[in-house]
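The values are calculated or read from the model by the stated rules, or taken from the named source; none is laboratory data. This structure is a prediction, so every number in the text was calculated from the model and none was measured. Using ideal geometry, Cβ is built from the backbone for each residue, glycine included, and neighbour counts are taken over all protein chains shown.
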Amino acid sequence: MAKPWVEKAGATYRALLDQHNFIGKAYNLKFVPVGILLDEDGKLVRAVGSVNIDNDEFQSELTEWVTSGAIPKAWIDADKQSAPKALTAEEKEADARFQLAIVLLENDKKEAAIAELKKAFELDPENWLIRKQLWAIETPEAFYDGNVDYGWQKAQMAREKVALEASKK
Amino acid sequence: MKRYFLLCGAILFFFIGKIEGQMMSTLSVVVDQQKTALAAKVQDGQIYVPLDDFCSAVNAEAKILEENGPLAVCRDDLCIPLNVVGTEDTLTVDGLLFGRLGAFGEPLGVSWTQNNGSLVVMTGQMVAGLGIGNAPPAFTLPDMYSGVPVSSSDYMGKKTVFYMWASW
């Protein structure tokens, strides 16, 4: 799925596929985009977290680090000595259902995959990797017809919020 | 005649020994992203690690269970016996005892990948931090075009940016 975007961007870097959300699981991340910046010894120079590669500030920090080798002050100030949290029982089940959904998709069982992703979303509602994957599979026209339709995503979030509140009553 | 036969046998044995020796390749061992002095052997597609030193590197111990019992790899209460009926899990090379990683690694929670002459081992015991100065969890993922597995450790020695994104 990522191929057309990589090609459109004329990417000169290497693109790796993480179909089974290995990094999301190992790092306990629930959103993208995320940057993992490593020095020559494989040590982090910036806390693993949200990164916008198109952001001018980030780009100048990145240039500073690459050219001087010194870690930019902004990264040091924002550093968090966190460790990936162990997954809760709900998160583990959500991941298991996500993995199952990917296998089902590979076997053209779209409806069954959507059902698993819905259960996964209910178990781990904060996980945007699951939530958006579900959206993209259920409503491909909002994702894969030209540009990603962020208006649709906003409306979908509102719909889900209403549904969630209704289920609480 | 009998003597002649024996001699042939000895020559044949010598050659088999030679061929096996040539087929065995050596891997350097990286444990939780730290290089070690250990050298693993690959024979018939199986990875063998120097048993005592490897075990101490992954916080385990190789020992004989009970009196005259089987050789086992143990951590705390968990022991995985080696060379149980019908399996050959050990190998002696130059007097050093090697154990087949596949025989005990997984039950111990140890995971590993093989790339570019290295055996990259994760003990599963390291809680990797995600802040400055930490070595975060290693990963190996396929290249989108070639499918070739690429490891985060392949970029050791270079400044590297991994940018995780999705089209949505």
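Brief remarks on what is shown
- Scanning region B:83-107 for residues that are over 21 Å from B:Gly124 (Cα atoms) and either touching a helix residue (DSSP H, G or I) at 6+ places or on another chain (Cβ under 8 Å) or loosely packed, with under 13 Cβ neighbours inside 10 Å (or both) returns B:Val84, B:Val85, B:Gly86, B:Thr87, B:Glu88, B:Asp89, B:Thr90, B:Thr92, B:Asp94, B:Gly95, B:Leu97, B:Phe98.
- Some residue of region B:128-139 being part of a loop (DSSP other than H, G, I, E, B), in contact (Cβ under 8 Å) with a residue 12 or more places away in the chain, away from chain A (no Cβ under 14 Å) and touching a Ser or Thr at 6+ places or on another chain (Cβ under 7 Å): no
- Matching option when the condition is closer than 28 Å to B:Asp32 by Cα, of a type in the set (Asp, Glu) and modelled with pLDDT under 90, among A:Asp95, A:Asp79, A:Asp41, A:Asp18: A:Asp79
- Test: residue in region A:53-76 that is loosely packed, with under 13 Cβ neighbours inside 10 Å, part of a loop (DSSP other than H, G, I, E, B), facing another protein chain (nearest Cβ under 10 Å) and under 20 Å from the mean Cα position of the chain (by Cα): yes
- Failed item in (1) touching a strand residue (DSSP E or B) at 6+ places or on another chain (Cβ under 8 Å); (2) touching a residue at least 40 places away in the same chain (Cβ under 8 Å); (3) part of a helix (DSSP H, G or I), with A:Val32 passing the rest: (3)
- Counting the residues of region A:1-28 that are out of contact with any Pro (no Cβ under 8 Å at 6 or more places or on another chain) and more than 7 Å from every other protein chain (Cβ to nearest Cβ) gives 13.
- Complete set of residues in region A:32-52 that are more than 7 Å from every other protein chain (Cβ to nearest Cβ) and small (Gly, Ala, Ser): A:Gly49, A:Ser50
- Qualifying residue in region A:24-47 (condition: exposed (fewer than 13 other Cβ atoms within 10 Å of the Cβ), over 24 Å from A:Asp124 (Cα atoms), under 19 Å from the mean Cα position of the chain (by Cα) and not polar (S, T, N, Q)): no
- Number of residues in region B:85-118 that are in contact (Cβ under 8 Å) with a residue 12 or more places away in the chain, farther than 21 Å from B:Ser151 by Cβ and polar (S, T, N, Q) equals 2.
- Within region A:39-52, the set of residues being at negative phi and part of a loop (DSSP other than H, G, I, E, B) comprises A:Asp39, A:Glu40, A:Asp41, A:Lys43, A:Val45, A:Arg46, A:Ala47, A:Val48, A:Val51, A:Asn52.
- Single residue of A:Leu87, A:Leu104 found to be touching a residue at least 12 places away in the same chain (Cβ under 8 Å) and either more than 16 Å from A:Asn28 (Cβ to Cβ) or more than 14 Å from chain B (Cβ to nearest Cβ) (or both): A:Leu104
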